[in-house]
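Reviewing the structure listed below.
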Amino acid sequence: MSDFSEPRFEHLFDLHVDLDATQPIGRTPIGMRLTAIVAGGTFEGPRMKGEMPAGGGDWALIRSDGAIQLDVRATLKTDDGAFIHTYYGGLIIMTPEVQQRIFNAEDVPLDEYYFYTNPMFQTGHEKYAWLNSVVAVGRGRFMRGAVEYRVWALR
């Protein structure tokens with residue numbers, strides 16, 4: 001298997017997402033379900049920038065092991081008018097103490113919790129069609145009333 005090379009990472013963009021109040025769905029047969037709705041956001045990177053319009057969201061599941069499993073769907077709108085559907089799963093793993101600090105709006109260093117996503121993209125806009133063939137990885141962090149991501153394409 002010597003023909004496998006390490007993937008390269010190309011910075012796609014940094015994303016700031018403001019969130020509306022979380023909607024607690026409650027305990028379901030597969031875990032605690034909650035929904036976080038996107039209130040708006042912005043993104044910027046070397047090849048694209050724009051906004052994340054309100055209306056997307058994260059239909060998160062807090063599993064029995066305490067991990068938070070993400071299910072995000074949202075739209076990016078570039079500054080030149082292209083719409084890009086983005087969707088991703090991911091995992092957030094943290095201790096109950098770190099979770100409490102985050103819920104108390106404390107700025108918790110990234111090395112104290114695991115927060116990774118795997119964005120994929122769909123667009124019909126010719127200029128951004130290259131995104132339809134990209135697998136990405138994102139690192140997230142919590143902010144007061146928001147989340148931020150740095151997203152890289154795997155090459």
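No value in this document is a laboratory result; all are computed from the given coordinates. In this text, all values refer to a predicted model and were calculated from it rather than measured experimentally. Quick reminder, even Gly has a Cβ in these numbers, built from the backbone with ideal geometry, and neighbours come from all protein chains shown.
Summary of computed values
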quantity	calculated
Per-residue HN-Hα couplings for segment 103-112 [Karplus 6.51, -1.76, 1.60; θ = phi - 60°; Hz; x = Gly/Pro]	5, 8, 6, 7, 7, 9, x, 4, 6, 9
Candidates D65, D20, D107: whichever shows maximal mean-square fluctuation once the chain is modelled as a Gaussian network with Cα springs under 10 Å	D65
Computed over segment 1-55, Kirkwood Rh from alpha-carbon pairs, angstrom	14.5
Full-extension gain in nm, H85 to T42, via 0.36 nm per residue minus C-alpha separation	14.0 nm
Translational diffusion of the chain, µm² s⁻¹ [Kirkwood Rh, Cα pairs; Stokes-Einstein; 4 °C; 1.567 mPa s]	79
Dipole magnitude of the chain, debye to nearest 20 (Cβ charges: Lys/Arg +1, Asp/Glu -1, about Cα centre)	300
Separation in nanometres of the label points that stand 7 Å from Cα toward Cβ, at N118 and R8	2.3
